[in-house]
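J.: This is the structure I have questions about; it appears just below.
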Amino acid sequence: MKPSWKRWIFGIILPVVLIVFLYVLQMILTRFPSVGEAYAKGPFVVFSFLPAKISSLFPISLTEVFVITLVFSSPILIVWLVIRIRRAIKAKRGKKYFFNVGRVLAWAMFGIYLWFMLLHGLNYTRYSLDDELGFGERKYTVEELEEVFIWVVNGLNESRAACEEDENGVATYPGGTLAFLNDVEDLYEESAKDFPMIKGNSARPKFVALSHYWSYTDIVGMYFPFFAEANVNTDIPLVSQFYNACHELSHLHGYAVENDANLAALLVCLNSDCPQLRYAGFREAFDLIWDDLWIAFGNDREGYVEFMQTQYLLEGYFVDTDAIHAYWDSINPPKIVEEISDATNDAYLKANQQKDGVKSYNMPTSTVADYYFTYVKGRS
């Protein structure tokens, strides 16, 4: 018996229409960030609470278990499906079988997409964090940026001096990676108390057993919304994991846009009492203010060189930087792997209304100066 038109509408057409509706809704809401902001600070916190708590109960990455299971089970499922199709065709039930398979797939895809939207997708439509903070509205003079640069260098040196070192002289965390991942949830929440706009559920980031192979795709962390789970590449030097863990936790706190997650992580790190997190924040801030100052000096390169000669960094900073570079040089993945990874991530971000794609990781100009004059000098 052929499926009736009503079964076609409710079995396949309706879920497809609902998927399109969700995509269009996300697109429309990007023009009404107040709605996205209200969702991120209200319903999202409710929806993500239970998945985050459940995932925290497991010491291993549920994301990794899911992906590995999917990879190994997919060939078996495909073979099973082909066998079922052949049997259905021989029994002259091919059309009905294809309809039933299509109905299950259509509703399954809708359910998956709905869950993604509730736990991540709609957060792409909220106000940007720099707008909430009032960042990016002021232009700074060279003298002001020099003041910020000196503050960053001093903070970087002080925090680096407070960090423990491993046998190679690289900054580390007491107890190593697992101890850091166990502690960073509380460290993040304690630091975030001073920034009420960073609201969300807490959860323990997970280490990824296959992190070494992640590195070949240039992935240093991943937030998996279906489990509300932050995952960290633990094969990279620990000094790089400090900031990456805070970035992934910022997604759980409702900041889906990558530069917002970066900014939230920067706020948390710079404001933390933990020397490792402060050091991670100042390392990030150093790169940003360096670029701002270079641009501000313009054609006055002599003035730029003269100013830089008055600044110095602890040897430990260079030891850490060399360790990071040495690690990535040892990976040296085939260029095509990096290109596929970047293209996939770029397509994913653009599908979620991020027109800049992978460039959306870049934080706005003057971010560090904005932080300094608002939260450091502004409060002193």
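The values are calculated or read from the model by the stated rules, or taken from the named source; none is laboratory data. Because the structure is predicted, anything quoted here is derived from the model rather than measured. For neighbour counting, all protein chains shown are included, and Cβ atoms are generated from backbone atoms with ideal geometry for every residue, glycine included.
J.: Condition (residue is of a type in the set (A, V, I, L, M), modelled with pLDDT of 95 or more, in the same structural domain as E158 (by TED's automatic domain parsing) and closer than 25 Å to N123 by Cα) applied to segment 242-251: is it met by at least one residue? Please lay out each step first, then the result.
T.: Going through segment 242-251, the residues of a type in the set (A, V, I, L, M) turn out to be 245, 249.
Narrowing the set further to residues that are modelled with pLDDT of 95 or more leaves 245, 249.
When the remaining residues are screened for being in the same structural domain as E158 (by TED's automatic domain parsing), the result is 245, 249.
Subsequent filtering for residues that are closer than 25 Å to N123 by Cα retains 245, 249.
Among the residues of segment 242-251, at least one is of a type in the set (A, V, I, L, M), modelled with pLDDT of 95 or more, in the same structural domain as E158 (by TED's automatic domain parsing) and closer than 25 Å to N123 by Cα, which makes the answer yes.
J.: Report those helices (runs of 4 or more DSSP H) wholly inside segment 156-274 carrying at least 3 residues which are surrounded by fewer than 17 Cβ atoms within 10 Å (Cβ to Cβ) and free of Cβ contacts under 8 Å to residues at least 60 places away in the same chain. Full working, then the answer.
T.: Details: elements: 176-192, 211-215, 238-252, 258-271.
Those helices (runs of 4 or more DSSP H) span 176-192.
J.: Taking segment 21-57, which residues are in a helix (DSSP H, G or I) and among the basic types (K, R)?
T.: As a first pass, look at segment 21-57 and keep what is in a helix (DSSP H, G or I): 21-29, 33-41, 43-56.
Of everything in segment 21-57, those that are in a helix (DSSP H, G or I) and among the basic types (K, R) turn out to be K41, K53.
J.: Considering each of R301, R278, R283 in turn, give the residue that is surrounded by fewer than 23 Cβ atoms within 10 Å (Cβ to Cβ) and among the basic types (K, R).
T.: Details: R278 fails: surrounded by fewer than 23 Cβ atoms within 10 Å (Cβ to Cβ); R283 fails: surrounded by fewer than 23 Cβ atoms within 10 Å (Cβ to Cβ).
None of the other options fit; the residue is R301.
J.: Continuing with this model, one more query. Please verify whether F282 is at pLDDT below 95, more than 24 Å from A40 (Cα to Cα), of a type in the set (F, W, Y) and in the same structural domain as N233 (by TED's automatic domain parsing), treating the condition exactly as stated. Outline the logic, then answer.
T.: Working: at pLDDT below 95: no; more than 24 Å from A40 (Cα to Cα): yes; of a type in the set (F, W, Y): yes; in the same structural domain as N233 (by TED's automatic domain parsing): yes.
The answer is no for F282.
J.: Quick one: in segment 304-316, which of the residues that are in contact (Cβ under 8 Å) with a residue 40 or more places away in the chain and not in a loop (DSSP other than H, G, I, E, B) is farthest from C163 (Cα to Cα)?
T.: Applying the first criterion (in contact (Cβ under 8 Å) with a residue 40 or more places away in the chain) to segment 304-316 yields 307, 311-314, 316.
Checking which are not in a loop (DSSP other than H, G, I, E, B) leaves us with 307, 316.
Working: F307: 27, G316: 10 Å.
In this case the residue turns out to be F307.
J.: Do we have any residue at all in segment 209-228 that's under 28 Å from E315 (Cα atoms) and of a type in the set (S, T, Y)?
T.: yes
A quick yes/no check of all residues on (1) on the phi > 0 side of the Ramachandran plot; (2) touching a Gly at 6+ places or on another chain (Cβ under 9 Å); (3) hydroxyl-bearing (S, T, Y); (4) outside any loop (DSSP other than H, G, I, E, B):
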{"position": "D329", "(1), (2), (3), (4)": "no, no, no, yes"}
{"position": "K359", "(1), (2), (3), (4)": "no, no, no, yes"}
{"position": "M363", "(1), (2), (3), (4)": "no, no, no, no"}
{"position": "Y372", "(1), (2), (3), (4)": "no, yes, yes, yes"}
{"position": "Y375", "(1), (2), (3), (4)": "no, no, yes, yes"}
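J.: Moving on to the next point. Report yes if some residue within segment 32-40 is surrounded by 11 or more Cβ atoms within 10 Å (Cβ to Cβ) and free of Cβ contacts under 8 Å to residues at least 24 places away in the same chain; otherwise report no.
T.: yes
J.: Give the residues of segment 106-155 that are among the aromatic types (F, W, Y), under 17 Å from A285 (Cβ atoms) and assigned to a helix (DSSP H, G or I), sorted by residue number. Steps first, please.
T.: Quick first cut of segment 106-155, residues among the aromatic types (F, W, Y) only: 107, 110, 113, 115-116, 124, 127, 135, 140, 149, 151.
Next, only the ones that are under 17 Å from A285 (Cβ atoms) stay: 135, 140, 149, 151.
Within segment 106-155, F149, W151 qualify.
J.: Within segment 10-25, is even one residue in contact (Cβ under 8 Å) with a residue 40 or more places away in the chain, touching a Lys or Arg at 6+ places or on another chain (Cβ under 6 Å) and either of a type in the set (S, T, N, Q) or not assigned by TED's automatic domain parsing to the domain that holds N233 (or both)?
T.: yes
J.: Just to be sure I understand the filter: pairs with C-beta atoms under 6 Å, separated by 6 or more residues or on different chains, first member in segment 79-91 and assigned by TED's automatic domain parsing to the domain that holds G102, second member of a type in the set (G, A, S). Which pairs pass?
T.: Close Cβ pairs (under 6 Å, with a partner that is of a type in the set (G, A, S)) amount to A88/G94.
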